[in-house]
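The structure appears below as structure tokens.
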Amino acid sequence: MLLDPYNQTDHPECKSRPDSGLSAITELDPGYITGPLSSVWKEWVKWCIEFGIEANGIIAAPYDWRLSPSMLEERDLYFYKLKQTFETALKLRGGPSIVFAHSLGNNVFRYFLEWLKLEIAPKQYIQWLDDHIYAFFAVGAPLLGSTETVKGMLSGNTFGLPVSEGTARLMFNSFGSSLWMMPFSKYCRADAMYLKHFSGGIRKGPNTYQCEQKEFQSNYSGFSTNIINIEIPSTRGIDAYPSVSEFSQTNYSSMEYGLPTQLSFSAREISDGAFFKAIEDYDSDSKRTLHQLKKSYHDDPVLNPLTPWDRPPIKNVFCIYGVDSRTEVGYYFAPSGKPYPDNWIITDVIYEIEGSLVSRSGNQVEGNPGPASGDETVPYHSLSWCKTWLGPRVNITRAPQSEHDGSDVQVELNVEHHDEDVVPNMTRSPRVKYITYYEDSESIPGKRTAVWELDKANHRNIVRSPALMRELWLQIWHDIHADSPSKFVSKAKRGPLRDDDCYWDYGKARCAWPEYCEYRYVFGDVHLGQSCRLRNSSADALLHYV
């Protein structure tokens, strides 16, 4: 799987390309290595089939996740082919598509939307989107990057696979995409190299990267703590770091000549290259990283992906992610005394957990934790950036993830919202997992925006969450019926939608949810719960939510 770290060509002894079709996204070959990771979109595809979506109506768009965005187009014509896929789907189905993206797939889709601006006449761009894309469901989107990327780049992240961390680092750092999910500041933006005249023409100009004053007035680039704290052997004093920005010079205030020095770096100093310049003399991989950072990201002619998202110009946008899991937000590194790729070791990790910061040893850490924590992989600060896309007034609903009769649903209407995080004043039962919905009360005309937070939903497993699958289908079913009186599906009640949702209530010696489920034995059932089935069809059950 290794690529050339500079030109991104294949390993001389092995050429790898992404699979095509639904098989590429349904599950991996469940062998020794991939067994625990084998199921990907399998459950989602099963839901599609069960609720009547035809096979040719489900279109996969797999991509080579090793490549930088510009190389996806240069080598595979990926974005050109994706545009053709949407246009073919419109001709075949007669209507716009619904886009589901997970994790890095969201970054790929964002780049596609920017690439499309250069392919389509400016006056036709929004019309193309309206014709071809009805809704965008962004699941687990690293909107401001992920701190785990830093761990992968410096010490390696095996994701549970039976390889050494050094091998994992070698592989990860050979990919142009290794920088795509780096954390970056919400206060710094860049103009694209290609700028459009008001007349519709295109000209090429220099890239500009500017930060608001808030970047220098606030701590940690808006994140909860410094992302990297690294111990570097100092033998030449401050002259050893000639390329670090002036702002970073504060790191040296307590430097003692000849002694190891700990430097700290924020998200901005990582994404703008200051960190990699600072360790250039101590890490042989920094030169490669700086080359890829400039070539594939800072100088990308379509988009610098290491800049904050604006709301995509699509009619309906749903941002979905997990919260309140222990998530890594900062690291302490030190030299290991070993050669590359094992030259750094992690000496401590900072986690965010339910509104607080703790070290690996369990001690409290000072910082600016958010009201919740992330999804084990992406920090809450990054996931929740899409709340800035909501309108000036927001309706907030908190409901149990499991089937419920509506008695535990909490609602706050017309909550004022001013382009930052919005936090509900609601209670939680410690034994209940909730979904909290943030929905536009006053939307941009003709557009809807919603944010769903799922308690304890893991970043990698969220696409297999039964609660998420149910909510996706109820929202889609609601939208199919144009005469529905509400903009979003009702949260008042959640009953079983599939036979799998029915189960045996041993306390009452009957099937639970008797309004929906009945005992109906079919040959081959091996326990009572299997014989509990919906009284009516799934379509009949869905009519309640129109």
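Restricting attention to the range 86-98 and to residues that are of a type outside the set (S, T, N, Q) and without any contact (Cβ under 8 Å) to a residue 40 or more places away in the chain, the residue that is nearest to residue 309 (Cα to Cα) turns out to be 96. The number of residues in the range 464-496 being part of a helix (DSSP H, G or I) and in contact with a strand residue (DSSP E or B) (Cβ under 9 Å, 6 or more places away or on another chain) comes to 10. Give me the pairs: first residue in the range 453-471 and aromatic (Phe, Trp, Tyr), second residue open to solvent by 10 Å² or more (accessible area, probe 1.4 Å), beta-carbon distance under 8 Å, and six or more apart or on different chains, which are they? Close Cβ pairs (under 8 Å, with a partner that is open to solvent by 10 Å² or more (accessible area, probe 1.4 Å)) do not exist here.
Criterion applied to 10, 64, 4 was being more than 21 Å from residue 312 (Cβ to Cβ) and touching a Pro at 6+ places or on another chain (Cβ under 8 Å), and the one residue passing it is 64. Tally the residues that are over 24 Å from residue 44 (Cα atoms) and acidic (Asp, Glu), restricting the search to the range 483-534. Residues that pass the stated criteria total 5. Considering 85, 26, the condition of being within 26 Å of residue 180 (Cβ to Cβ) and more than 20 Å from the chain's Cα centre (by Cα) is satisfied by 85 alone. Of all residues in the range 279-313, those that are more than 23 Å from residue 384 (Cβ to Cβ), under 23 Å from the mean Cα position of the chain (by Cα) and part of a loop (DSSP other than H, G, I, E, B) total 2. Just so you know, in the range 328-369 the residues that are over 22 Å from residue 159 (Cα atoms) and buried (at least 20 other Cβ atoms within 10 Å of the Cβ) include one that is nearest to the chain's Cα centre (by Cα), and it is 369. One residue alone among 232, 228, 279 is modelled with pLDDT of 75 or more, crowded, with 16+ Cβ neighbours inside 10 Å and closer than 17 Å to residue 144 by Cβ, and that residue is 228.
Among the residues of the range 54-69, those identified as more than 17 Å from residue 133 (Cα to Cα) and open to solvent by less than 60 Å² (accessible area, probe 1.4 Å) are 62, 63, 64, 66, 67, 68, 69. Looking at the structure I just gave you, is residue 518 part of a strand (DSSP E or B) and either out of contact with any Gly (no Cβ under 9 Å at 6 or more places or on another chain) or open to solvent by 20 Å² or more (accessible area, probe 1.4 Å) (or both)? The answer is yes for residue 518.
Candidates in the range 80-114 are the residues that are open to solvent by 70 Å² or more (accessible area, probe 1.4 Å) and in contact with a helix residue (DSSP H, G or I) (Cβ under 8 Å, 6 or more places away or on another chain); of these, the one that is nearest to residue 480 (Cα to Cα) is 93. In the range 235-264, of all residues being aliphatic (A, V, I, L, M) and part of a loop (DSSP other than H, G, I, E, B), the one that is modelled with the highest pLDDT corresponds to 259. The single condition among (1) assigned to a loop (DSSP other than H, G, I, E, B); (2) out of contact with any Leu (no Cβ under 8 Å at 6 or more places or on another chain); (3) of a type in the set (A, V, I, L, M, F, W, C) that residue 71 does not meet is (1). Residues in the range 521-546 that are open to solvent by less than 30 Å² (accessible area, probe 1.4 Å), in contact with a strand residue (DSSP E or B) (Cβ under 7 Å, 6 or more places away or on another chain) and in a helix (DSSP H, G or I): 529, 531, 541. Considering the range 163-202, and only residues there that are modelled with pLDDT under 60 and not in a loop (DSSP other than H, G, I, E, B), the residue that is surrounded by the most Cβ atoms within 10 Å (Cβ to Cβ) turns out to be 194.
Has the range 115-128 got at least one residue that is under 20 Å from residue 308 (Cβ atoms), part of a helix (DSSP H, G or I) and open to solvent by 10 Å² or more (accessible area, probe 1.4 Å)? Yes. Being more than 22 Å from residue 479 (Cβ to Cβ) and part of a helix (DSSP H, G or I), is that true of even one residue in the range 37-59? Yes: the range 37-59 contains one or more residues that are more than 22 Å from residue 479 (Cβ to Cβ) and part of a helix (DSSP H, G or I). On inspection, residue 92 qualifies as part of a helix (DSSP H, G or I), of a type in the set (A, V, I, L, M) and at pLDDT below 95.
If the condition is being open to solvent by 50 Å² or more (accessible area, probe 1.4 Å) and not in a loop (DSSP other than H, G, I, E, B), then the range 402-448 contributes 411, 413, 414, 416.
The set of residues from the range 497-515 being in contact with a helix residue (DSSP H, G or I) (Cβ under 9 Å, 6 or more places away or on another chain), open to solvent by 50 Å² or more (accessible area, probe 1.4 Å) and either in a loop (DSSP other than H, G, I, E, B) or among the β-branched types (Val, Ile, Thr) (or both) comprises 503, 506, 513. Sub-7 Å Cβ pairs linking a first residue in the range 294-323 that is charged (D, E, K, R) to a second residue that is at pLDDT below 95 and part of a loop (DSSP other than H, G, I, E, B), at least 6 apart or interchain, are 299/193; 299/207; 315/446; 315/447, ordered by first then second residue.
The values are calculated or read from the model by the stated rules, or taken from the named source; none is laboratory data. Computed from a prediction, not measured in an experiment: that's the story for all the values here. No Cβ is skipped: glycine too gets one built from the backbone with ideal geometry, and neighbour counts run over all protein chains shown. These area figures cover heavy atoms from the full protein model, side chains too; ligands, DNA and RNA do not enter into them. Shrake-Rupley method; radii C 1.70, N 1.55, O 1.52, S 1.80 Å.
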